[in-house]
Amino acid sequence: MFIADAWYMGAWADELADAPVSRRICNQPLVLYRSKEGEVATLYDSCCHRGAPLSVGSVIDQGLQCGYHGLVFGNDGVCVHIPGQAQIPRKARVRSYPTVEKDQMIWVWMGDPEKADPALILDYPFHNDTGNWPHSHGMYEIDTTYQMMMDNLMDLTHLGYVHAKNVGGKAATLVEAEMDVITTEKGVDVKRWMPDCEPPPTYLKCVDLPEKIERWQEMEFIAPSAVLQWTGAVGKGQGAREDFSKRVGGFSMRLYHFATPVTETSCYYFWSAAHNHLLGDPDATENLRKEVEIALEEDKWIVQAQQDRIRETGDDWLVDVRSDKARVAMRHALKKMEAESGPLAAGPVVTDS
């Protein structure tokens, strides 16, 4: 089941340049584009004339032009021009979707347009603070459910096994971490603390750290499919657990994760990695990007392998363990949101008006 009444990330803002972008969200074919006036818009990706994908068209002064017979559509989906005729039929339109640009991300609402409140979109100011938090970002299309991507993020004990040679480090450190899980109005907050451990390889590639560190992993899950993560380390004994001002001078990384459902068993995984070490050095951002992408490729492999098995066996026989506490809380938040959601805004046509 798709949660319709939610804002989904459809693209990074810098993806929408001169050409439209094809995306499928909640199994609906969509085209995202930026008008010549700079406004972002999303339409059902099919021309009302002969069904050609609008995403293979082009953005012109009047709007989005179909690449098959040249019909032009405004941001509201209404046809504004048909080559060779002056009269435009009232039915010449396609569905439009509420679309918002915020914090360098493009957001699309897939449910009842009347419920599309931009205030519900999460805040992530770090994308705009390039002086203190330079970042890189990207997107993977992954052959697994968005829920399984959230499962992966909410149980970080996997870092010591899947990512031992980069962002993870020793498995025992991750498994034995002190953990607090708090249910919130928006989802789940998770705080994990490792007060006496060795730094993982990625941290050491980025900054100088002592042999023993205090390490933290703090995550905010925001339903339906966002995880905002702050992770890092300073030297052991600095008291950084209680005092955020002590979390300086070591390694600190903010990871943004969002999984947008494509179909019932596939998703787009949007990510960004920001840091505050070696500010002003572009090599620091590039080096971190390479390390993060190695870990993301590992995640992609393992969750797709999981999905392959579950297609064969189902998941009724799977068991939960102690480290699943945050993941289980996340799943409860999703079920609550599913129960409250209305129907999907599906199909190319809204009304005949």
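The values are calculated or read from the model by the stated rules, or taken from the named source; none is laboratory data. In this text the structure is predicted, and so the values were computed from the model without any measurement. Every residue, glycine among them, receives a Cβ derived from its backbone with ideal geometry; neighbour counts consider all protein chains shown.
Right, Y97: crowded, with 20+ Cβ neighbours inside 10 Å and either within 23 Å of A233 (Cβ to Cβ) or touching a helix residue (DSSP H, G or I) at 6+ places or on another chain (Cβ under 8 Å) (or both) or not? In short, yes. Only strands (runs of 3 or more DSSP E) whose full extent lies in region 62-125 are considered here, and the ones with at least 2 residues that are in contact with a Lys or Arg (Cβ under 9 Å, 6 or more places away or on another chain) are 105-109. Take T183 and tell me if it is under 15 Å from M154 (Cα atoms) and either modelled with pLDDT of 95 or more or surrounded by fewer than 18 Cβ atoms within 10 Å (Cβ to Cβ) (or both). Yes, satisfied.
Give me the pairs: first residue in region 266-290 and closer than 16 Å to V248 by Cβ and assigned by TED's automatic domain parsing to the domain that holds A226, second residue of a type in the set (S, T, N, Q) and assigned to a helix (DSSP H, G or I), beta-carbon distance under 8 Å, and six or more apart or on different chains, which are they? Here the result reads H275/T285, each pair linking region 266-290 to a residue that is of a type in the set (S, T, N, Q) and assigned to a helix (DSSP H, G or I).
Here the condition is being in contact with a helix residue (DSSP H, G or I) (Cβ under 8 Å, 6 or more places away or on another chain), assigned by TED's automatic domain parsing to the domain that holds L296 and of a type in the set (D, E, K, R); of D143, D129, D103, D45, it holds for D143 alone.
Taken together, L54, L71, L16 contain a single residue that is crowded, with 21+ Cβ neighbours inside 10 Å, more than 22 Å from T260 (Cβ to Cβ) and at pLDDT 95 or above, which is L71.
Among the residues of region 100-126, those that are touching a strand residue (DSSP E or B) at 6+ places or on another chain (Cβ under 7 Å), surrounded by fewer than 22 Cβ atoms within 10 Å (Cβ to Cβ) and not aromatic (F, W, Y) comprise V100, E101, Q104, A116, P118, L120, I121, L122. With respect to S46, determine if the residue is among the polar types (S, T, N, Q), closer than 17 Å to R95 by Cβ and assigned to a loop (DSSP other than H, G, I, E, B). Taking the combined requirement at face value, the residue satisfies it. Scan region 20-37 for residues that are within 20 Å of H137 (Cα to Cα) and without any contact (Cβ under 8 Å) to a residue 60 or more places away in the chain and jot them down. Passing the criteria: P20, V21, S22, Y33, R34. If you filter region 19-30 down to residues that are in a loop (DSSP other than H, G, I, E, B) and buried (at least 17 other Cβ atoms within 10 Å of the Cβ), you find that the one that is farthest from the chain's Cα centre (by Cα) is P20.
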